[in-house]
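The values are calculated or read from the model by the stated rules, or taken from the named source; none is laboratory data. These figures come from a predicted structure and were not determined experimentally. Positions of Cβ are backbone-derived with ideal geometry, glycine not excepted, and every protein chain shown enters the neighbour counts.
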Amino acid sequence: MYARFLAALAALLAALPVSLPVHAQTWPARPIRIVVPYAAGGTSDILARQIGPKVTELVGQPVIVENKPGANGNVGADFVAKSAPDGYTLLLTDLGGLVISASVYPQLPFDPAKDFSPVVMVSYSPHVLAVHPSVPVSTVKELIEFAKANPGKLNFAISGIGGAPHLAGIEFAQRTGVQWTYIPYKGGSQAVADVVAGQANVLFNGMLATWPSVTGGRLKAIAISSSKRVPSAASTPTVAEVLPGFETGSFQGVVGPAGIPREIVGRLNAELTRVLAAADMRERFAAQGTEVRTDTPESLGQYLRVEKERWAKVVKESGAKFD
């Protein structure tokens with residue numbers, strides 16, 4: 001009897017190491033939802049809709065992109081943070097906006113540092129500093145001179161209060177002494193549309209979502225916020241050529257609710273990295289002024305912590321008040 005008990009116990013214990021990964025091996029058994037916390041047409045939305053079909057091909061389940069805009073991305077982020085940690089609900093977002101929120105929204109319903117499972121970095125799309133064609137400037141120096149001569153008269157369109165483009169504008173103003181009036185919108189696509197329409201004058205916004213309006217002649221590109229010139233727009237200078245070290249942009253990435261099993265996070269990371277490593281995706285991104293950037297979940301977690309500290313300092317030193 002005792003021998004049979006020991007044999008049964010040994011069999012059970014032997015099965016345990018296998019039973020844990022089996023749960024992950026069954027993933028995905030149903031459609032995967034990628035939440036974009038901004039309106040359609042912005043950088044995050046464009047990326048999600050380019051990536052989704054490729055992931056579907058690899059995992060054999062539909063990938064559904066769902067826009068949940070509001071509160072500069074916080075509505076969609078909160079929805080994902082409170083979703084089941086099973087790998088079926090993910091957030092594709094501007095990571096800068098996600099970590100900046102902790103500094104500009106003191107009553108956030110979620111903790112960006114604790115309530116998400118980092119999955120993978122997706123891309124870096126520098127901001128384009130662009131103006132309506134009627135603004136009589138063509139360079140960063142001319143923009144600074146014009147803004148100083150007309151303090152507070154330029155309307156600066158932003159994708160949302162406290163987002164990465166807003167903070168880019170604040171950092172630019174800090175370093176140059178210009179003053180402009182920030183006009184918030186519900187997403188980058190709406191901010192671009194209003195500058196194109198002449199309702200606002202200037203903006204920083206992700207290159208992926210903004211460059212078509214530049215090439216179409218509807219916006220005038222002044223500079224790009226990357227550390228070096230972008231090959232697909234080599235004639236456009238960088239802000240850093242006038243303000244050394246200035247680098248901002250739309251760092252896009254995927255996170256999920258905290259507590260997703262490590263095996264599923266690993267599978268998600270592997271499949272998304274595989275999609276992004278494909279030559280056609282890299283070429284498509286490059287043509288749009290976007291650089292594929294992938295990494296491990298651990299590296300992404302470290303990036304989020306560093307960026308949170310960086311932008312907290314910018315917010316504090318700016319003295320800006322966010323309503």
Tally time: how many residues in segment 76-102 are under 17 Å from Ala164 (Cβ atoms) and surrounded by fewer than 20 Cβ atoms within 10 Å (Cβ to Cβ)?
-> 1
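Do we have Arg284 as modelled with pLDDT under 95 and assigned to a helix (DSSP H, G or I) here?
So Arg284 passes the test.
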Selection from segment 206-251 of residues that are basic (Lys, Arg) and either surrounded by fewer than 16 Cβ atoms within 10 Å (Cβ to Cβ) or within 23 Å of Gly97 (Cα to Cα) (or both) = Lys228
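Can you work out which of the residues in segment 150-184 that are among the hydrophobic types (A, V, I, L, M, F, W, C) and in a strand (DSSP E or B) is surrounded by the fewest Cβ atoms within 10 Å (Cβ to Cβ)? First the steps, then the outcome.
Going residue by residue through segment 150-184, those that are among the hydrophobic types (A, V, I, L, M, F, W, C) are 154, 156-158, 161, 164, 167-168, 170, 172-173, 178, 180, 183.
Now restrict to residues that are in a strand (DSSP E or B): 156-158, 183.
Details: Phe156: 27, Ala157: 28, Ile158: 25, Ile183: 16.
So, considering only residues that are among the hydrophobic types (A, V, I, L, M, F, W, C) and in a strand (DSSP E or B), the one surrounded by the fewest Cβ atoms within 10 Å (Cβ to Cβ) is Ile183.
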Output the qualifying pairs, or none if there are none: Cβ atoms under 7 angstrom, residues six or more apart or on different chains, first residue in segment 131-160 and at positive phi, second residue surrounded by fewer than 14 Cβ atoms within 10 Å (Cβ to Cβ).
-> Gly152/Thr181
Answer yes or no: is there a residue in segment 224-237 that is at pLDDT 95 or above, touching a His at 6+ places or on another chain (Cβ under 8 Å) and not in a strand (DSSP E or B).
-> yes
Is it true that Val137 is surrounded by fewer than 24 Cβ atoms within 10 Å (Cβ to Cβ) and either part of a loop (DSSP other than H, G, I, E, B) or aliphatic (A, V, I, L, M) (or both)?
-> yes
Is it the case that some residue within segment 50-66 is assigned to a helix (DSSP H, G or I), basic (Lys, Arg) and either buried (at least 18 other Cβ atoms within 10 Å of the Cβ) or on the phi < 0 side of the Ramachandran plot (or both)?
-> yes
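When you look at Lys321, is it at pLDDT below 95, loosely packed, with under 15 Cβ neighbours inside 10 Å and assigned to a helix (DSSP H, G or I), yes or no? Steps first, please.
Details: at pLDDT below 95: yes; loosely packed, with under 15 Cβ neighbours inside 10 Å: yes; assigned to a helix (DSSP H, G or I): no.
Judged against the criteria, Lys321 is not a match.
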Determine whether Ser103 is within 11 Å of the chain's Cα centre (by Cα), of a type outside the set (A, V, I, L, M, F, W, C) and modelled with pLDDT under 95.
-> no
Close pairs from segment 293-306: first in contact (Cβ under 8 Å) with a residue 40 or more places away in the chain, partner among the charged types (D, E, K, R), Cβ under 9 Å, at least 6 apart = Pro297/Arg262; Tyr303/Asp295
Mind listing whichever residues of segment 94-134 are closer than 16 Å to Val35 by Cα, not hydroxyl-bearing (Ser, Thr, Tyr) and not in a loop (DSSP other than H, G, I, E, B)?
-> Asp94, Leu95, Gly97, Leu98, Phe116, Pro118, Val119, Val120, Met121, Val122
On the given criteria, is Ala147 surrounded by 23 or more Cβ atoms within 10 Å (Cβ to Cβ), at pLDDT 95 or above and not in a loop (DSSP other than H, G, I, E, B)?
-> yes
Is one or more of the residues making up segment 296-311 modelled with pLDDT of 95 or more, among the charged types (D, E, K, R) and either more than 15 Å from the chain's Cα centre (by Cα) or surrounded by 17 or more Cβ atoms within 10 Å (Cβ to Cβ) (or both)?
-> yes
Does any residue in segment 204-222 that is touching a residue at least 60 places away in the same chain (Cβ under 8 Å) come within less than 8 Å, Cβ to Cβ, of a residue that is acidic (Asp, Glu) six or more places away or on a different chain, and which pairs are these?
-> Gly206/Asp94
Among (1) of a type in the set (Ser, Thr, Tyr); (2) over 20 Å from Gly245 (Cα atoms); (3) at pLDDT 95 or above, Ser159 falls short only on (3)
